Amino acid sequence: MSAAVRQDSPVSTIESLLELLAGRGDESDFHDRYAQAVAAVVRAELALVVLAAQAQGASLLGRFGEPQSAQALFEALPPSLLSGAAQQGYAHDTWRRADGMGLILLAVRLLDDVPSVLVMALPERERAYLKEALVRALLVKDVRRRRVPMDAASLAVSPLVEVRPQEGMRGGGALVRRGGRDMLSLLGVAAEVMQAQKFSEASLALVNGLAALYGLRQVALVWRRAGAAELVAVSHLDRFERTSRMVQALQTAALEVLSTDSRIRAWRAAGQEGDPSALLAGPPAHQMLLGALEDAPGLLSLPIRNRSGLAEAVLVCVLDKTEVSDEEVDELTAVLDMVQPGLAYGEVEHMWWGKRWRRKALDRLELFFGPGRPWIKFAAAAAGACVLFLAFGSLPYRVEATAQLATDSTRVVTAPNDGRLLDVLADTGDMIRKDQPLARMDAADLRQQELEVGSEIRRYGAEEDKARAAGSLAEAQVARFRREQAQARMRRIQALIDSSEAKAPFDGVVVEGDRRNLLGSTVRRGDLLFRVAAVEGLYVVMQVPERDIRALRENPEGSLILLSQTSREIRFKVTHFVPMAQVKGDQGNQFQVKARIIEPPESWWRPGMTGLAKIDAGERNVAWILFHRMVDTLRLHFWW
């Protein structure tokens, strides 16, 4: 055995069976090696070869697996399992190990010199694989101990099969077996298919091997792809024209097998193979293919089923005889069941990922909708489900509206006097504290007036003192009045200088007032400079379109998502509704709705923040939700 072949690979398993058939190795552990090889073929955890003698009781000839589990299985074998396998050829049962794990027991009667039974234990999860496991076990059941060992030279020279012409048939052939060597031939074909690196090579190895083994005129493998049949390999041909009439006829015949999921035979009337007008028997597509083959006496088409039991490929055999024995058909089916997993895996894995995904999706759809245009069936089923959902389903309906956080705790900061803004210390969105300066007026003129009035006060004070010194009381009194008048003007100028700085009335946030527009501008007393809002008593103000106002219920609830944090929903409850529409430009008439925020306020909320609000309007029919606006537009247009 080659060192490059892994011990657990399919090739090494087949080589082990070939060694058993050739009689190589120690004969004392023949049954142990046979149990190991069969366990690899069937993928069993345990395998036993049991001598099923009725009088003396059963005895263990060979085993594979964990020794304690194998011994426990042998001691727990039910007599009905062994007797059923001896009478019917196979039987199955269940068994639970000491650790509680359930196993499926599969027993097959062996073609040995002694009445022996092969017992295999498979995991409970492989129940769907039981049919394929039985086919594999039946395929290797006739491997038995050789009385006369054969060396490698005689094995390589001696023919495995012999084709002999039958009487009354031109060029006909039948399979003649020699002492069990048909098993070697079958395993050789399977090994060649499994060793192929590509799907195309494996397909060609299969059709060429079967054509040579059974003396068939031609063998074709047709694979089901996207609901159609596609020819992938023809024996003795490396390339073929896919648009030719013969290829189309082969694919059409394969479609008959895929649609009926059964074996199909077609043949000519006896003794009229060379007559073009001979009567043909079989389904229409097979009759057309048989007629195109001219002198071929018969056709045999076999479905190749996957693990789910669905036919995924077809083997079309052009026979050299009209009679095909059931034993030969069963052998062909066994070979196909053995190589099917490898072919299916290779056919999928050698596609690019898009085709693999599409193929797997197609397989899943065919499990539910059956073969033949599954995408159309799926689309029809999906469309029907959508129509039913639209007609009878319901979903929560919510009215969308633009929203804004607002508060009633606002104050307007105006210009204290006429003049020019020298400095602007706040901007929209700034957090401010009470008495914090927001803007300063240009007070240069007021300070100049302050100096002038100050000099007048000092001059009038000097005149008053001079008049008193001269004894002129009247002039002193007039100077005093003038000084007091100047002092009053001084106080007024100082008050204007003090008020030239705009200050915050309370702690809050600036919601209106742009620094770029205000800086350096000339204002008059009372002009709006800033609007300040306190971060307290926040509520939601929404503008609901006129077309959706009818859907609102009394005091509904809803959710608000702010543009500053779209991942956070704020729950609210509607409290006020202004029953008069407001025109909002291109947006049309809108109604103002106010709502109270249910959740406690968070520190990052600010008055003036905008977002999207959705107001709950109850459950509505799905079709109404999707099409009510279109229906309203049609009613307004056609007045119905």
Within straight-line cross-link reach of LYS614, lysines at Cα separation under 22 Å, skipping those fewer than 8 residues along the same chain: LYS573, LYS584, LYS594
Rounded to a whole number, the Stokes-Einstein D of segment 589-640 in µm²/s (Kirkwood radius over Cα pairs; 20 °C; 1.002 mPa s) is 140
Please list, ordered by chain and number, the residues whose modelled amide H lies under 5 Å from the amide H of VAL535; skip anything fewer than 5 residues away on the same chain. VAL509
Using only Cα atoms, tell me the angle between helix 353-369 and the longest principal axis of the chain; keep it within 0 to 90° and round to the nearest 10. 70
Tell me, what ³J(HN,Hα) does each residue in segment 612-624 have, in order and in whole Hz, if you take phi through Karplus 6.51 cos²θ - 1.76 cosθ + 1.60 with θ = phi - 60° and put x for Gly and Pro? 10, 10, 10, 9, 5, 10, x, 7, 9, 5, 4, 4, 5
Using amide H atoms built 1.01 Å from N in the peptide plane, name the residues 5+ places from TRP267, or on other chains, whose amide H lies under 5 Å from its own. ALA281, LEU299
Just add up the charged neighbours of VAL535: K/R +1, D/E -1, any other residue whose Cβ is under 9 Å from the Cβ of VAL535. -1
Near LYS360, which lysines are there with a Cα under 29 Å away, not counting those fewer than 8 places off in the same chain? LYS131, LYS198, LYS377
Using alpha carbons only, what's the Rg to Rh ratio of segment 410-532 with Rh from Kirkwood? 1.24
Rounded to the nearest 500, what is the chain's calculated 222 nm mean residue ellipticity when only DSSP H runs of at least 4 contribute -39500 (n - 2.57) each, over all residues? -13000 deg cm²/dmol
Run through all the Cα pairs of segment 537-638 and give the fraction in each 10 Å bin from 0, expressed as whole percent. 13, 40, 34, 11, 2, 0
Per residue of segment 431-442, in order, report the coupling 6.51 cos²θ - 1.76 cosθ + 1.60 (Karplus, θ = phi - 60°) as ³J(HN,Hα) in whole Hz, putting x for Gly and Pro. 7, 10, 10, 4, 6, 6, x, 10, 7, 10, 8, 6
What list of ³J(HN,Hα) values in whole Hz, one per residue of segment 553-568 in order, does the Karplus curve 6.51 cos²θ - 1.76 cosθ + 1.60 (θ = phi - 60°) give from phi, with Gly and Pro shown as x? 8, 7, 6, x, 10, x, 10, 10, 10, 7, 5, 6, 8, 6, 7, 10
Would you pull out the residues with amide H under 5 Å of MET609's amide H, same chain only if 5 or more places away, H placed 1.01 Å from N? LEU405
With Rg and the Kirkwood Rh both taken from Cα atoms, where does Rg over Rh land for the chain? 1.41
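Only the coordinates and a few stated rules stand behind these numbers; no lab work does. Given the structure is predicted, the values throughout are model-derived calculations rather than measurements. Glycine gets a Cβ as well: all are built from the backbone with ideal geometry, and neighbour counts include every protein chain shown.
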